[in-house]
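Before any comments, here is the structure.
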Amino acid sequence: MQTRVLPFTDDAITEAARLILAGEPVAVPTETVYGLAANATDAQAVARIYEAKGRPSFNPLIVHVADLASAEQIGEFNETARELVERHWPGPLTLVVPLREAAGVASIVTAGLGTIGLRVPAHPAMQALLRAADRPLAAPSANASGSISPTRAAHVLKSLKWRIPLVIDGGPTERGLESTIVAATGGPLRLLRPGPIEWGAERMSGDTIEAPGQLASHYAPSKPLRLDVTTAKADEYLIGFGAIPGDSNLSPSGDLVEAAARLFDLIHRADGSPKPRIAVASVPCKGLGAAINDRLRRAAA
Ligand code: TXA
Ligand code: MG
């Protein structure tokens, strides 16, 4: 299948919505990473996501909707859940909540679970597509299963070329890290995946692996990766941070927001360099650094 790349325009969204309603998956930018979106009410369309990604079918997908009202038609929000999303939606937060019986979402989306991950994204391209298709859209990150999440259209092409009909190119994504996932399924809120939305340590109990995407090797590049490096060996491509320059630098000024936004981009770059190994300078664990280090440890596993 020929993969077209169209810049984000009204016409591109119209074409993307047409493909979605015809049951095809389309790659589209969100503020976190590029997603591979399909009509969540059409089991066959969703199956094409799994097919394109080569993804193990036990992994449930995040469903994207245009607003909280649409989310409440699919999932049940208790007071704490509603309070949380009112503060962070639209934005890089996914809430796992109990699935409503009449939600109309294909069971392949939740891998048969009684809960569902819902997100209202802020990116204008994904928002426009949600409104044009007028359907909830299931969208995992737009990369082949087990490889690094895409933060640019070129990354999507690298792993999904010939496998999907269309990529909407909205430039590099702003956040660069997948959404924070929080479960609100009864009892206290639980952090399932750290991400761009910082979560107070006192409210965290992220020790249990509940999201399959938390598997240690989920974010692995194709080369071995060494962490907390100050001096690279001759055969290593060094991703620097702050005062450690490296072959490229996550953020010369030590800004963690900039580092998060560039993380997957630089891992892609290191993966594509002639050097057989990757080294990464140490990144402090405070604030967004916790999510960055989480992704780095997985990439090194
Ligand atoms: O930023 C993001 O979240 C991106 C963009 C495209 O929105 N999407 C993304 O999706 O990262 P994906 O499929 O790569 O990761 C989804 C994660 C997986 O770890 C999955 O196991 C978890 O969400 N998940 C989804 N539904 C769940 C549920 N009902 N219970 C527990 N975990 C769930
Ligand atoms: Mg992913």
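The values are calculated or read from the model by the stated rules, or taken from the named source; none is laboratory data. Small disclaimer: the values here were computed from a predicted structure and weren't measured. Cβ placement follows ideal geometry from the backbone for every residue including glycine, while neighbour counts extend to all protein chains displayed. Note: accessible area is taken over every heavy atom of the protein model, side chains too, but ligands, DNA and RNA are not part of it. Shrake-Rupley method; radii C 1.70, N 1.55, O 1.52, S 1.80 Å.
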Residue in the range 16-23 that is at positive phi and touching an Asp or Glu at 6+ places or on another chain (Cβ under 9 Å) present: yes
Qualifying positions in the range 7-34 - more than 30 Å from I197 (Cα to Cα), open to solvent by 10 Å² or more (accessible area, probe 1.4 Å) and under 22 Å from the mean Cα position of the chain (by Cα): L19, E24
Hits in the range 247-292 (condition: hydrophobic (A, V, I, L, M, F, W, C), part of a loop (DSSP other than H, G, I, E, B) and open to solvent by less than 30 Å² (accessible area, probe 1.4 Å)): L250, A281, V283, L288
Top-ranked residue of the range 168-227 - restricted to ones that are among the acidic types (D, E), under 30 Å from S273 (Cα atoms) and away from ligand 2 (no atom under 14 Å from the Cβ), ranked as modelled with the highest pLDDT: D169
Residues of the range 167-187 that turn out to be more than 14 Å from ligand 1 (Cβ to nearest atom), touching a residue at least 60 places away in the same chain (Cβ under 8 Å) and assigned to a loop (DSSP other than H, G, I, E, B), as a count: 2
